[in-house]
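Read the structure below first, then the notes.
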Amino acid sequence: MMFSIISFVIWFAFATFNRGSENLQDLTHVTGELKGHRIMKHKYTNKYKTYYKNVLVIQIDGCNDEFGFMEYNKFYGQLSNIVNRHLTPFFEIYYDKTRQRIEQNVTLHTFDMTINGEKYLSIDEIKKSEFTGTIISSTIALLLLAFTYWGSKKIIQRGVMA
């Protein structure tokens, strides 16, 4: 059982490290005016319950991909106000085209976004949060490994003495 828990924590550490290692040069770059927007419901299912979260989906002129922003993003309210104005905003977005999509082929993997020259999402902020997650996950994995080693050593010592 401990092996599966430790494996999951190590996998999470690698996943956050990989996401935090992205550079602008590795990402797809798109610029253009807002072509359209909509709100969709993203389905979350866990062991006990299914619930839905609002996702603001935007389309950029000249790009076939759609970009989703969850309602818990700190700039969700500002972004919603910008796309609902009558003026057409100009977007510059860096995103990972290869990552997994949610329903309706919407990507949530936007790393850097500027709207009308103002930065709303920075890759530096994402790197910082992902590397913090990597450090925390790695520390937890090392502690679990140490406790597992210590516990198994105690069990073996008791078995030898008996």
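The values are calculated or read from the model by the stated rules, or taken from the named source; none is laboratory data. What you are looking at is a predicted structure, and each value in this text was computed from that prediction instead of being measured. We place every Cβ from the backbone using ideal geometry, glycine too, and count neighbours over all the protein chains shown.
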Practice problem: Search the range 5-20 for residues that are closer than 16 Å to ASP96 by Cβ and pair each with any residue that is surrounded by 13 or more Cβ atoms within 10 Å (Cβ to Cβ) and among the aromatic types (Phe, Trp, Tyr) when their beta-carbon atoms are under 9 Å apart and the residues are at least 6 apart or on different chains. | Solution: THR16/PHE131; PHE17/PHE131; ARG19/PHE111; GLY20/PHE131
Quiz item: Pairs under 7 Å by beta carbon, first residue over 22 Å from HIS29 (Cα atoms) in the range 66-85, partner charged (D, E, K, R), six or more apart or different chains?
Solution: GLU71/LYS53
Quiz item: If only one of LYS53, LYS119 is basic (Lys, Arg), outside any loop (DSSP other than H, G, I, E, B), touching a residue at least 12 places away in the same chain (Cβ under 8 Å) and exposed (fewer than 15 other Cβ atoms within 10 Å of the Cβ), which one is it?
Solution: LYS53
Quiz item: Quick one: which of ILE58, ILE6, ILE39 is more than 22 Å from TYR94 (Cα to Cα) and of a type in the set (Val, Ile, Thr)?
Solution: ILE6
Exercise. With the checklist (1) in a loop (DSSP other than H, G, I, E, B); (2) touching a Gly at 6+ places or on another chain (Cβ under 6 Å); (3) at negative phi in hand, flag the one item GLN59 doesn't pass.
Key: (1)
Quiz item: If you check ARG19 against the conditions, is it part of a strand (DSSP E or B) and either surrounded by 17 or more Cβ atoms within 10 Å (Cβ to Cβ) or not hydroxyl-bearing (Ser, Thr, Tyr) (or both)?
Solution: no
Practice problem: Take the range 14-34 and flag every residue that is small (Gly, Ala, Ser) and closer than 15 Å to ILE126 by Cα. | Solution: ALA15, GLY20, SER21
Quiz item: Listed residues LYS53, LYS119; which is of a type outside the set (Phe, Trp, Tyr), modelled with pLDDT of 80 or more, closer than 29 Å to PHE14 by Cα and over 16 Å from the mean Cα position of the chain (by Cα)?
Solution: LYS119
Quiz prompt | the range 56-78: number of residues that are under 18 Å from the mean Cα position of the chain (by Cα), surrounded by 14 or more Cβ atoms within 10 Å (Cβ to Cβ) and aliphatic (A, V, I, L, M) | solution = 3
Self-check item: Of residues in the range 122-162 being closer than 30 Å to PRO89 by Cα and of a type in the set (Val, Ile, Thr), the one modelled with the highest pLDDT
Solution: ILE123
Practice problem: Working only within the range 37-50, note down all residues that are in a loop (DSSP other than H, G, I, E, B) and within 19 Å of the chain's Cα centre (by Cα). | Solution: ASN46
